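Sending over a structure as structure tokens; questions will come in a sec.
The values are calculated or read from the model by the stated rules, or taken from the named source; none is laboratory data. All values reported here derive from a predicted model rather than from experimental measurement. FYI the Cβ positions are ideal-geometry reconstructions off the backbone, even for glycines, and counts take in every protein chain you see. Heads up: the accessible areas ignore ligands, DNA and RNA and are worked out on the full protein's heavy atoms, side chains in. Shrake-Rupley method; radii C 1.70, N 1.55, O 1.52, S 1.80 Å.
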Amino acid sequence: MQSFNRIALAATIAGASWCTAASAQGTAEVLHWWTSGGEAKAVGELKDAFEAGGGTWIDSPIAGGGGDAAMTALRARVVAGNPPTAVQLKGPGIQEWANEGALNDVNEVAQSEGWDAVLPPALAEIMKYEGEYVAAPVNIHRVDWFWASPEALETAGVRDMPTTWDEFNAAADKLLEAGITPLAHGGQPWQDATLFEDVVLGIGGPDFYRSALVDLDQDALKSDTMVAAFDQLRKLRGYVDPNFSGRDWNLATAMVMRGEAGFQIMGDWAKGEFLAAGKVPGEDFLCAPTPGNGFVLNSDSFTFFNVAGEDNLAGQQLLASLIMSPDFQETFNLAKGSIPARTDVSLDAFDECAQRSHSDLIAAIESNALVPSMAHEMAIPRSVRGEFLDLVTEFFNSDMSSRDAADRLADAVLRAQ
Ligand code: GAL
């Protein structure tokens, strides 16, 4: 880690709110994958606030939902000795890059602003390497959501949002009968894996999810419960339209928006799309958690890479301070569809889906039902996640049996460890 005397700068930044810190200078090249309508709006809030704070923002967007393309680009940049200043990067990936000596810390900003006191401890731990903050969290996204078109559900005679997978299948059958695509889906590996993990939670519950997708327990991976999860995933395959292959997630959201599809199963960045299109929750679209009484956690963060030069280092500190400021956490998350990572930001301005996310999060923490997203890189190393994505996508696009899928998944995971 680079050492740099940042006390004076950190104090300057800490003393100013993000929108008035015009004396703080600095440059940040920010690599991210927020290119859909809602995502671009949210990252635009970050750029505007950074510039209002006196910084120079260099935008490096790498299109591709879920961030797989961005992570490939990042590796190339680091190997070439030219890392970006800050990268949208999360979960165990932060530790992996820190282990390679690729990160700078922003600990003086974190200390002087008291980050430890305002972050959930589990999230704070993910942001630290050897006790020092190397990343700052912007949000808490929930992955296990149904998004639905009230108009499509009404046409098909579906009265309530499903609370079990059997209820979902019954609703989907009614939509099929009414000639409406039941499930808007984009056939990309990370989207297939998103469906898969939500189904695993619903079929097996949080403890099973943790054994199979976090602890990588061989018995859980090969179990009849996993076979049952693949059976449900096979059902979902029957509910997507013929053109799902390769479709971007936000185009699937647009199908629900237009009432062409009944449901989408996607994290609450989908809500960012609805909101960016001027849609109102509870009226133009509906949200409800997928079955399982859990909460699949995905938290976006910016990680600070090993750049040199006072201007870049100042940029990192300004960005770190800004990201964690309460005003910014509110503005950003209102656009992104998520809720603030800081625990002390009021949710009064947030909609009913966000309120639900927040109350379910607290309930899940209390009942030990909070689980990290495998598909969104919160749970396991990238190499093992890759095995899940490959197998799940192959299953989704073939006639592989559920038993074969569970056995092959267990073998692939064992090999990758
Ligand atoms: C997730 C990320 C979200 C959203 C989504 C689709 O992995 O955490 O912020 O951007 O990908 O791109």
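Please determine, in degrees from 0 to 90 and to the nearest 10, the orientation of helix 352-366 with respect to the longest principal axis defined by the Cα atoms of the chain, where the helix direction is its Cα long axis.
90
Report the gain in length on full extension from residue 214 to residue 111: 0.36 nm times residue separation, minus Cα-Cα distance, nm rounded to one decimal. Please report the intermediate quantities before stating the final value.
On the way: separation 103, 0.36 × 103 = 37.08 nm, distance 3.08 nm.
Here the answer is 34.0 nm.
Which length gain, in nm to one decimal place, applies between residue 177 and residue 151 when the Cα-Cα distance is subtracted from 0.36 nm times their residue separation?
Full extension of this stretch gives 7.8 nm more.
Now, a different point. Can you give the net charge of the other residues whose Cβ lies under 11 Å from the Cβ of residue 134, counting K and R as +1 and D and E as -1?
Details: positive: 128; negative: 105, 130, 132.
Combined, the nearby Lys, Arg, Asp and Glu give -2.
Further question on the same structure: Summing +1 for each Lys or Arg and -1 for each Asp or Glu, what net charge is found among the other residues whose Cβ lies under 12 Å from the Cβ of residue 168?
Numbers: positive: 174, 235; negative: 160, 166, 167, 173, 198.
Once positives and negatives cancel, what remains is -3.
Let me ask something else about it. Using alpha carbon centroids, what distance separates the range 338-366 and the range 263-304, in Å?
12
Using the alpha carbon gyration tensor of the chain, what are the three equivalent-ellipsoid semi-axes (square root of 5 times each eigenvalue), largest first, in whole Å?
Computed over the chain, the values are 36, 24, 18 Å.
On to the next question. Would you mind checking the range 165-208 for residues with the amide N under 19 Å from a putative spin-label position 7 Å along Cα→C-beta of residue 366?
Those under the cut-off are 206-207.
Report the antiparallel proportion of the DSSP beta bridges in the chain as a percent, rounded to a multiple of 5.
That works out to approximately 55 percent antiparallel.
Now for a separate question. So the label point goes 7 Å from the Cα of residue 279 along Cα→C-beta, right? Which residues of the range 176-197 then have their backbone N under 15 Å from it?
Flagged as within label range: 181-186.
Based on a Kirkwood Rh over C-alpha pairs, give the Stokes-Einstein translational diffusion coefficient of the range 304-389 at 10 °C and viscosity 1.306 mPa s in µm²/s.
For these conditions, the coefficient is 101 µm²/s.
Right, here's the next one. From Cα pairs below 8 angstrom and at least 6 apart in sequence, can you work out the relative contact order of the chain, rounded to a whole percent? All intermediate terms of the calculation are to be shown ahead of the outcome.
Numbers: 814 pairs, mean separation 115.1, N = 417.
Across the chain, relative contact order equals 28 percent.
Non-local amide H neighbours of residue 140 (under 5 Å, H modeled in plane, Pro and chain starts lacking H): which ones?
Answer set, sorted by chain and number: 339, 341.
Something else now. Work out the FRET efficiency for residue 308 and residue 407 from their Cβ-Cβ distance, taking R0 = 41 Å, and round it to the nearest 0.05. Write out the running numbers ahead of the final one.
Numbers: r = 50 Å, r/R0 = 1.21.
So the FRET efficiency works out to roughly 0.25.
Same structure again: Show me the ranking of peptides 201-209, 220-228 by mean Cβ neighbours inside 10 Å, starting with the highest. Provide the component values of the computation, followed by the final result.
Values: 201-209: 21.2, 220-228: 18.7.
Result, highest mean Cβ count within 10 Å first: 201-209, 220-228.
Just grab the label-to-label distance for residue 207 and residue 80, each label 7 Å out from Cα along the Cβ direction, in nm (one decimal).
5.1
Please arrange 257, 266 by accessible surface area, largest first, computed with a 1.4 Å probe and ligands excluded.
Putting 257, 266 in descending order of accessible area: 257, 266.
A further question on this structure: Dipole of the range 334-417 (Lys/Arg Cβ +1, Asp/Glu Cβ -1, origin at the Cα centre): which of 338, 405, 384 lies farthest to the positive side?
Farthest towards the positive pole: 384.
Moving to a separate point now. If each DSSP helix of 4+ residues adds -39,500 (n - 2.57) and the sum is divided by the residues in the chain, what number results at 222 nm, nearest 500 deg cm²/dmol?
On the way: 19 runs with 210 residues, N = 417.
That comes out to -15500 deg cm²/dmol.
Count the net charge of all other residues whose Cβ sits under 12 Å from the Cβ of residue 330, scoring Lys and Arg as +1 and Asp and Glu as -1.
-2
I would also like to ask the following. Enter the angle in degrees (range 0 to 90, nearest 10) between the Cα long axis of helix 224-237 and the first principal axis of the Cα atoms of the chain, meaning the one along which they spread out most.
90
I would also like to ask the following. Report the paramagnetic label zone for residue 35: residues of the range 54-82 whose backbone N is under 19 Å from a point 7 Å from Cα along the Cα-to-Cβ axis.
The answer is 58-78, whose backbone nitrogens lie closer than 19 Å to the label point.
Testing the spin-label approximation: label points 7 Å from Cα along Cα→Cβ at residue 159 and residue 394. State their distance in nm.
Using points 7 Å along Cα→Cβ, the separation is 4.5 nm.
Of all accessible surface on the range 97-235 at a 1.4 Å probe, what whole percent is carbon and sulfur?
Carbon with sulfur: 46 percent of the solvent-accessible area.
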